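For reference, the structure is listed below as structure tokens.
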Amino acid sequence: MSLPIRESPISKPVSLFVTCIVDIIYPDTGMSVVEVLEHLGIEVDFPMAQTCCGQPAFNSGYRDEAKSVAKQFLKAFEGAQIIVTPSGSCAALIRHDYPTLFADEPDWEVKAKRAAAITWEFSEYLVDGLGVTDLGARLSEKRTIALHDACHGLRLLKLKSQARALLSKVENAELTDLTECDMCCGFGGLFAIKMADVSGAMLERKVGFIEASSAQDIITGDASCLMQMNGGLTRQKSTKRVRHLADILAEGLKK
Amino acid sequence: MQNQSNNFIALSEVAVQDKTMRSAVVFGTGNASTRRLASMYAAGEAHGEGLRQQGAEAKRRALRKLPELLELAESNLTANGVTVLWASDAAEANAHVRDIAKKHGLKKAIKVKSMLSEEIGLNGALESAGIEVVETDLGEWIVQLSGDHPSHVIAPIIHKTKASIRDLFVERFGMTPTDDAAEMVAFAREKLRAEFLSADMGISGGNFIIAESGTLCLVTNEGNGRLCTSLPDVHVAVVGIEKIVETFEDYATLTQTLTRSGTGQLLTVYTQMINGPRRPNEMDGPRQVYVILVDNGRSDIYATEYAAVLACVRCGACQNVCPVYRSTGGHAYGWVYGGPIGAVLTPLLTGIENASPLPYASSLCGACKAACPVDIDLPKMLLDLRRDVVEHGKNGRIWDVGIKVWALGNRSQTLFKLGGIAARLGQKVIGQRLPEPLAGWTKYRDFPEFAPKSFHQRWAERKKGTS
Amino acid sequence: MSARDKILGKLRAAQTPFTDVPPIETRLRVTPDIDPSPVALKARFLKQTALVAVKPWEVADDDAAVVKVMELLAEDDTVMAWDFDQIGLPTLEAALSARKIRVTHPDDGEVRVGITGVDAALAATGSVVLTSGAGRSRGASLLPTVHIAVVRAAQILPDLEAYFERVRAHGSDHFRQSSNIVVITGSSRTADIGQELILGAHGPVEVHVIMVG
């Protein structure tokens, strides 16, 4: 499945969709995204009316509730030229499901299709959209890092090479492997609580590989996966942590 | 087979604690996935993806013409000397097999592995009619001996350890204890050889029926498939109506992508094409061949948005890559099919009300779709089935109410902000003791702290220059 | 209403699915880029047989093939076999009777060795294709623990797709005349016990290919 060629976002201002999890739990990650984009001279705005993309409802089978929240998103981002979000799963929902979600409401369908056409996940925006891989970032000391490929971004948006390309250009960042890096961490949205035992078992396997990896930090592109994995790592009293790609890039830009 | 799928959550809670079973399942599925990747993509990524597309289209073209191809297959099978029967459901299919046994005075059946036969409960139906049934696929024989059920579409005892099989053989047959798998297989070979030579009916399923020639195709490794369809005088095949492919060429693609996707083999040991009973000039082979075309819910699926699931070739690739299946094994799904294909087929074949948790037994990671040799969009089907579960009111009130409340809090920035404040304050009080249904989180992991200031607040302050 | 009518009726009443799937333009071969020259096909075939635990024996001619067959028969006093003209080794008959080895009926469960010819061999997979027919029993390649298949280099086709190209060229009626065609790729096997691959399950445990020419 090849992705359609998209309108170039070069020279366009970015409206940031920070996502609900980043908004209330990891706002620093949102700030990191802003810092990276502004470092590249991108004009960033933040539509204050945004809340959530509606994924929890959509993924649980509640289409009407998903639509009501998606409408809030579409209203908030009316007039945006480019939407960037630090979440592969949210970007995938907007790109893949918003248009069909509103198939029976033509006015909203137009807005949904527009949003789908202009929404980018953070790493693909930088690499595929802007053609940038070298941010001139440098970590203050050598660190070994590995990537966890968040599922929705990997499989629906084909994200894999972008984060690696960006990190390979970060001075002092040494990339190493994480076994089963493309195997789900067990979050899956409300799956994590509805099917808690299965989610816990999947997490147990993931934490085991994180511990076994020589990487000090695991980097991922989705804060929800991060929440799941860090929740397991702290519970196991591990010293390892999972960090968002935006955070390590922003760290590398600090003077 | 009686369906226990509504108990998935309880069954999976027990299953994930069975470390021995999980270890066996992870080992078996991991091996198979590694082999699949090596063989499907041996000529490169683009070629492998091209093969998946080719197989996907071949199956969909056949499904588009299904009624026509079924008639063509019937006509060609009949011309080949096969007796073609039709069965709307399990009862009719089982009745056909019993009638055939009665007609020919058959007392003992040897059987090739068939998932459809599990669906329809064929063994039980025959045994009630006084016909002895012996499974001959090694894994299915072990399942039969231990009163178990298969847990994977092609590796029925992927959940069992070698040690447990040794113990079974020792207990049942007084086998001299051994941990040598080759010795155990040799033991089984000898035991089952006697059964092959004494049966009067052979029962199989069917991997494909080639419509243009009326050919029943079986894909096996052990030799039991050939023995069951060659030694007894009567061979009966139960085949789902969706197993029809149109041409030799489509079959050539699919039989090879099936094996690559399932076990990594380029071809299984025996790729068998059955054109009918023995010809007048042939010295062996059955004298009667029956093919029973079984519906059992497939024509209902055909009329829905889920029709593409009928493309399934039962290779098991989706089970092998599914992190949920690898954590629970197949039995937790409560019916014949587990893993991603099971989560979709079970509600569709047995009714949504009988399997409402199954569409939720997935983190929607998408690995299944990527592995499927006929590119079935299982994740999309799971999402649509969840919509169906909710519409049927089967997801549970706590979720219906919870999602409504959540949606309310996300429809406006004001309520969202208030919700955030409430959550922050609430966390100070309850800490890690989350209320139901959220308590499942803290069973296995810590819940993060809500940030003192939301991103919204920090942005607002930043703009004002006060951050 | 018969089950047949009910099923076909339901299928026909449904909205036809997949109307947008295009007819196939170029067909990919599952194993691309096979060098079709006779030398390359033979080399590929022999290489693949090794990967599926088939033992290949290259011999120059029919006489050498007969010698090889006799070598593989140890203390056997009976064998299962296709008719000698179907195996393609007419002098095998005399060689067997010289050693007082009797050819039995293909349902004899006690015989150790079965000898057959083949209809074709497939280079891509190291497979042999056996078509049942007059003097071509199923049992000879199925019941014994050892299967000896006599293959001529000229019988090697690139792959399964090529086999069906030949079926088409001859007309599918010819194909349908045989009750049973089996593509054999290796010795019987199972991985059911602890996912350990064990060679030799219910079918032949040893498969030998005598490659003539």
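The values are calculated or read from the model by the stated rules, or taken from the named source; none is laboratory data. Note that the structure is predicted; figures quoted are calculated from it, not measured. We place every Cβ from the backbone using ideal geometry, glycine too, and count neighbours over all the protein chains shown.
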The residue that is surrounded by the most Cβ atoms within 10 Å (Cβ to Cβ), considering only those in the stretch B:29-39 that are closer than 24 Å to B:V245 by Cβ and small (G, A, S), is B:A32
Residue within the stretch A:107-120 that is outside any helix (DSSP H, G or I), touching a Lys or Arg at 6+ places or on another chain (Cβ under 7 Å) and not aliphatic (A, V, I, L, M) present = yes
Checklist (1) more than 28 Å from C:P144 (Cα to Cα); (2) assigned to a helix (DSSP H, G or I) applied to B:F196, failing item | (1)
With the condition kept exactly as written, say whether any residue in the stretch B:120-133 is of a type outside the set (F, W, Y), under 30 Å from C:D5 (Cα atoms), touching a residue at least 60 places away in the same chain (Cβ under 8 Å) and in a helix (DSSP H, G or I).
-> yes
Condition broken by A:Q72, with the remaining ones in (1) assigned to a helix (DSSP H, G or I); (2) in contact (Cβ under 8 Å) with a residue 24 or more places away in the chain; (3) not charged (D, E, K, R) satisfied | (2)
Can you name the residue in the stretch B:229-259 that is in a loop (DSSP other than H, G, I, E, B) and buried (at least 24 other Cβ atoms within 10 Å of the Cβ) and, of all such residues, is nearest to the chain's Cα centre (by Cα)?
-> B:T229
Check A:A103 against each of (1) under 20 Å from the mean Cα position of the chain (by Cα); (2) among the hydrophobic types (A, V, I, L, M, F, W, C); (3) within 14 Å of chain B (Cβ to nearest Cβ) and name the one condition it does not meet.
-> (1)
Conditions (1) part of a helix (DSSP H, G or I); (2) more than 29 Å from B:R61 (Cβ to Cβ); (3) among the aliphatic types (A, V, I, L, M): number failed by B:I203 = (1)
Of all residues in the stretch C:161-213, how many are farther than 26 Å from B:G262 by Cα, of a type in the set (G, A, S) and either modelled with pLDDT under 95 or under 14 Å from the mean Cα position of the chain (by Cα) (or both)?
-> 4
Over the stretch B:231-266, the set of residues within 20 Å of B:G28 (Cβ to Cβ) and touching a Pro at 6+ places or on another chain (Cβ under 9 Å) is B:L258, B:R260, B:S261, B:G262
Can you name the residue in the stretch B:422-447 that is aliphatic (A, V, I, L, M) and facing chain A (nearest Cβ under 10 Å) and, of all such residues, is farthest from A:V198 (Cα to Cα)?
-> B:A423
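Of the residues in the stretch B:141-157, how many are free of Cβ contacts under 8 Å to residues at least 24 places away in the same chain and either over 24 Å from B:L345 (Cβ atoms) or surrounded by fewer than 22 Cβ atoms within 10 Å (Cβ to Cβ) (or both)?
Final tally of qualifying residues: 5.
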Scan the stretch C:91-106 for residues that are in contact with a strand residue (DSSP E or B) (Cβ under 9 Å, 6 or more places away or on another chain) and more than 13 Å from C:D76 (Cα to Cα) and report the count.
-> 4
From B:A46, B:A95, B:A42, B:A91, grab the single residue that is surrounded by fewer than 18 Cβ atoms within 10 Å (Cβ to Cβ) and assigned to a loop (DSSP other than H, G, I, E, B).
-> B:A42
Pick from the stretch B:49-88 the residues that are facing chain C (nearest Cβ under 7 Å) and out of contact with any helix residue (DSSP H, G or I) (no Cβ under 8 Å at 6 or more places or on another chain): which of them is surrounded by the most Cβ atoms within 10 Å (Cβ to Cβ)?
-> B:E57
Subset of the stretch B:206-223 (residues that are out of contact with any Lys or Arg (no Cβ under 7 Å at 6 or more places or on another chain) and surrounded by fewer than 24 Cβ atoms within 10 Å (Cβ to Cβ)) = B:E212, B:C217
Residues that are surrounded by fewer than 18 Cβ atoms within 10 Å (Cβ to Cβ) and touching a Cys at 6+ places or on another chain (Cβ under 9 Å): find the helices (runs of 4 or more DSSP H) completely inside the stretch C:1-78 holding 1 or more of those.
-> none
Among A:A223, A:A150, which is over 22 Å from B:A370 (Cβ atoms), within 14 Å of chain B (Cβ to nearest Cβ) and in contact (Cβ under 8 Å) with a residue 60 or more places away in the chain?
-> A:A223
Read through the list (1) outside any strand (DSSP E or B); (2) more than 9 Å from chain C (Cβ to nearest Cβ); (3) surrounded by 19 or more Cβ atoms within 10 Å (Cβ to Cβ), then give the number of the only condition that B:A109 fails.
-> (1)
Being touching a residue at least 40 places away in the same chain (Cβ under 8 Å) and surrounded by fewer than 24 Cβ atoms within 10 Å (Cβ to Cβ), is that true of even one residue in the stretch B:167-177?
-> no
